[in-house]
1. Any residue at all in region 185-201 that's touching a Leu at 6+ places or on another chain (Cβ under 7 Å) and without any contact (Cβ under 8 Å) to a residue 40 or more places away in the chain?
2. Between Val358, Val339, Val329, which is under 29 Å from Gln299 (Cβ atoms) and either open to solvent by less than 10 Å² (accessible area, probe 1.4 Å) or part of a loop (DSSP other than H, G, I, E, B) (or both)?
3. If Ala303 satisfies every condition in (1) in contact (Cβ under 8 Å) with a residue 60 or more places away in the chain; (2) open to solvent by less than 70 Å² (accessible area, probe 1.4 Å) but one, which is the exception?
4. Does region 264-275 hold any residues that are within 26 Å of Arg76 (Cα to Cα) and within 16 Å of the ligand (Cβ to nearest atom), and which are they?
5. Go through the residues of region 394-410 one by one and say whether even a single one is out of contact with any Phe, Trp or Tyr (no Cβ under 6 Å at 6 or more places or on another chain), at pLDDT below 95 and surrounded by 15 or more Cβ atoms within 10 Å (Cβ to Cβ).
6. With respect to Val351, is the statement that it is β-branched (Val, Ile, Thr), open to solvent by less than 10 Å² (accessible area, probe 1.4 Å), out of contact with any Cys (no Cβ under 6 Å at 6 or more places or on another chain) and assigned to a loop (DSSP other than H, G, I, E, B) true?
7. Among (1) over 18 Å from the mean Cα position of the chain (by Cα); (2) more than 25 Å from Leu383 (Cα to Cα), there is one condition Ser197 misses while meeting the rest; what is its number?
8. What are the residues in region 170-219 that are of a type in the set (Val, Ile, Thr) and part of a helix (DSSP H, G or I), if any?
Amino acid sequence: MEWNRTRRGFLGCVNSAVAGVGLAGGTRRAEAARQAVEGEDYYDKLGVTKIINAAGTYTALTGSIMPPSVQAAVARAARHPVRLQELQKAAGEYLARQLKCEGAMVTAGAASALTLGTAAAMTLGNRPAIHNIPTDVSGLKDEVIVQKGHRYEYDHAIRNCGARFVEVVTLADYEAAFTARTVMTNFFNAAEHGEISRQDWVRVAHSHGVPCMNDAAADVPPISNLWNYTQMGFDVVAFSGGKGMRGPQNAGLLLGRKDLIAAAVQNNNPNSDSVGRGMKVSKEQIVGMVAAVDWFLSQTDAAMEAEFRRRAERIAAQVKAIPTLESQVAIPNVAANAVPHLLLRYDPQRVKIRPAEVMAELRRGTPSIELNPMTGRKAGAGLPCDENTIVVGVWMLEPGEDLIVGRRLKEVLGKATGA
Ligand SMILES: *Cc1c(COP(=O)(O)O)cnc(C)c1O
């Protein structure tokens, strides 16, 4: 941080000095032309620190980086106006074909997909109700059944429609929970708790004629998860576009039954009098999401896993001389972020720095590095970590960054051994 500020100050002085001497008009014009094509670096202009993401697809770390083909498709889409509804429809039909489901739409992220999926269930066959949610739901079915162990922060996306939760624990509870007001059930695909299986969840809901939503936001790879849950019978499934699929951060997918997707579309922009109007999806997001799906479908699970393992091994190789340090590559045993992570465990008696301090040290350094937030924490998120373990998320690293992360870890840990 300090260093960045100093550097900016220094460069600022150099720039004013050069301006004082007087940049030749031609040079200035050439620089302006270059910026017009490449784009000005607004992170630099705004003084925002660029980071190395050794954490994962975290919203607060801006999710993921769009692959070059996706960035180019977004830039190209930005050059032309189109009719938004025509684009939504064509994109939805294309995605449904590619992802082997009846219907699909691009949403403003998975949380938005959850809101629109709920709105769809509440307003199916009742267009006037679109104007009434979330404040006037008295005449509508508004109960959403959920397992107690599946309650989470994204409940809010469902509550945005004015829906209420009915909690169940056992399969018998579940069977008894359906009433005339039940509108939907929700399943948190990456939940660590909950005793009712996906198959039972869908079967029982359908025996009552009630649709099931599945939040699988962070649950690719494997690539086939994009159709596994719709094919299992879930009526609508939500995915985040800006996580493993590496689309725009504010994009996502709602996949599923044709009638429900059509109802979700009615609850979205450009329809202004709707719960989804504040979740506008632009032409750049729609095209970016479709291009990201194309990119993701061109990958293979095996090649992605092999590449992530190579990155982990390159980092582990750089720190292998640190006393007591043991490295392990682990894939979380929950559905979310199921890719190789590097775990570095050491004896804090010998390496005298806590993992949390290592994390802070890497954040303060240049370049600034973010480690996985499970660093120094007891087992969770499906990872066998503990208070003496550093967790490196390697899948969002750009080429060459694994070496920088390895070098910084070696410096910081090495210093703490007194070496
Ligand atoms: C990330 C996440 C979301 C939200 O996804 P966005 O695309 O950021 O809206 C919802 N549910 C779960 C389980 C998630 O992990």
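The values are calculated or read from the model by the stated rules, or taken from the named source; none is laboratory data. Note that the structure is predicted; figures quoted are calculated from it, not measured. Positions of Cβ are backbone-derived with ideal geometry, glycine not excepted, and every protein chain shown enters the neighbour counts. Just the protein is used for accessible areas: all its heavy atoms, side chains included, with ligands, DNA and RNA removed. Shrake-Rupley method; radii C 1.70, N 1.55, O 1.52, S 1.80 Å.
1. Quick first cut of region 185-201, residues touching a Leu at 6+ places or on another chain (Cβ under 7 Å) only: 196, 200.
Within this subset, residues satisfying the condition of being without any contact (Cβ under 8 Å) to a residue 40 or more places away in the chain are 200.
Yes, region 185-201 contains at least one residue that is touching a Leu at 6+ places or on another chain (Cβ under 7 Å) and without any contact (Cβ under 8 Å) to a residue 40 or more places away in the chain.
2. Numbers: Val358 fails: under 29 Å from Gln299 (Cβ atoms); Val329 fails: either open to solvent by less than 10 Å² (accessible area, probe 1.4 Å) or part of a loop (DSSP other than H, G, I, E, B) (or both).
The conditions single out Val339.
3. (1) is the only condition that Ala303 fails.
4. Of everything in region 264-275, those that are within 26 Å of Arg76 (Cα to Cα) and within 16 Å of the ligand (Cβ to nearest atom) turn out to be Asn268, Asn269.
5. Within region 394-410, the first condition is being out of contact with any Phe, Trp or Tyr (no Cβ under 6 Å at 6 or more places or on another chain), and the residues that meet it are 396-410.
Filter again for at pLDDT below 95, leaving none.
Among the residues of region 394-410, not one is out of contact with any Phe, Trp or Tyr (no Cβ under 6 Å at 6 or more places or on another chain), at pLDDT below 95 and surrounded by 15 or more Cβ atoms within 10 Å (Cβ to Cβ), which makes the answer no.
6. Values: β-branched (Val, Ile, Thr): yes; open to solvent by less than 10 Å² (accessible area, probe 1.4 Å): yes; out of contact with any Cys (no Cβ under 6 Å at 6 or more places or on another chain): yes; assigned to a loop (DSSP other than H, G, I, E, B): yes.
Yes; evaluated as a whole, the condition is true for this residue.
7. Just one mismatch for Ser197, condition (2).
8. Initial filter on region 170-219 (of a type in the set (Val, Ile, Thr)): 170, 179, 182-183, 185, 196, 202, 204, 210.
Those that are of a type in the set (Val, Ile, Thr) and part of a helix (DSSP H, G or I): Val202, Val204.
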